[in-house]
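What follows is one structure encoded as structure tokens, with my remarks underneath.
Nothing in this text is a laboratory measurement; each read-out follows from the coordinates by a stated rule. Predicted model, so just to flag it, every value in this text is computed and none were measured. Positions of Cβ are generated from backbone atoms using ideal geometry, with glycine treated the same way; all protein chains shown enter the neighbour counts.
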Amino acid sequence: MKISAVKLFDGGYMMKSFACGGGLPEGAIKEEKLRSSLQNYVIDTGKEVILVDTGFPAEENFPVTKDSVITFGDKVKDYVDALKAAGYEPAQVSKILITHKHADHTGELRHFPNAKIFISRIEADDMKLTGDNVVRTDFTDGAYKNFDACQKIADGVYYIFAPGHTKGNSIVIVEDGDKNYLIHGDVTYTDEALLENKLSVVFEDLPAARDTLNRVRAFIKENKTVYLSTHTPLGYENLAAEKIMVLPDVEEAPVAEAVEESKAVGGTVWVCSVCGYEHVGDTPPAVCPRCKQPSTAFRKK
């Protein structure tokens, strides 16, 4: 079993209040900048090549303003070139596992028309995905350790329902000897949030997001785990060092109460390509109220 990082952007930052402030009162987190990047992962089982997510659309620019609370940094490579740099051609890919619907995780699916795309039914329906290669996944293979529902993808590769960040969010766990590699999209944006037991401000279902983070932390405490994040250089650094995550003793947070975001009724749905915030109206908002990106970050749903 071999796991490689597909490096897309590097040298960015995110504000800690964005990465760790979910469900907390404004100002509860002391502001500081944390390192940010964008990378996805590829799993080589020796029998097949499996991707976890497919990056940001090559033709789009990540907008940055003085008010940005998250940036990806400088582009390293477009997704296909980054995959080739990791040692793989698109034609080798047999399966793609999508953690969730946001553009920085699904942006280059178009380059893999012959690969089976596994995505939770909730996310696939929300994206209106079509095609014989789209596998709407219902996670019918039962529990995986302390997670309630999974789909076995290959020997040692498990696709696991882990809602909260989005309602159909998932993670991937790869077993290799006595180690486990936990590949996630945005259960946490940074490893600092995992260590401090904090959620980001980006979620569709706050109680589910808290429950998922609790389960992830419990899994890490019981199993030797390399934690592979998407939006921090610690993801690819952990992988290179084969670093086993050790969690400090911090208070286990309870499942949070639901938080409802008000939405306008009628008109076009605009989705922020950075954080997934949805705005309904004839035009996108001037600034995303959640991640502070300008209107150019919004795309019609």
Q: Pick out, from Val52, Tyr41, Thr296, the residue whose Cα sits farthest towards the positive end of the charge dipole of the chain, with +1 on the Cβ of Lys and Arg and -1 on the Cβ of Asp and Glu.
A: Thr296
Q. Roughly what % of Cα-Cα distances in the range 29-83 sit above 12 Å, to the whole percent?
A. 74
Q) Hey, if you drop one equal point scatterer on each alpha-carbon of the range 261-301 and run the Debye formula without solvent, what base-10 log of I(q)/I(0) do you get at q = 0.14, 0.21, 0.25 Å⁻¹? A) -0.23, -0.52, -0.75
**Q.** Value at 222 nm in deg cm²/dmol, rounded to 500, when DSSP H runs of n ≥ 4 in the chain each add -39,500 (n - 2.57)
**A.** -4500 deg cm²/dmol
Q: Starting from the Cα of Lys179, draw a straight line to each of the lysines and keep only those under 22 Å, dropping any in the same chain fewer than 8 residues away.
A: Lys2, Lys47, Lys145, Lys152, Lys221, Lys224, Lys243
**Q.** Simple Cβ-charge dipole of the chain, Lys/Arg +1 and Asp/Glu -1, about Cα centre, in debye nearest 20
**A.** 380
Q | Bins of 5 Å from zero: percent of alpha-carbon pairs in the range 112-184 | A | 4, 16, 25, 25, 18, 9, 3, 1
Q) What ranking of Leu34, Leu83 emerges when the number of other C-beta atoms within 10 Å of each C-beta is taken as an exposure proxy, fewest first? A) Leu34, Leu83
Q: Match the structure shown to one of the listed values (1) 6, 25, 34, 24, 10, 2, 0; (2) 6, 19, 17, 14, 12, 10, 8, 7, 5, 2, 0; (3) 6, 29, 39, 22, 4, 0 of P(r) over Cα pairs in 10 Å bins from 0, in percent, computed from it, and give that label.
A: (3)
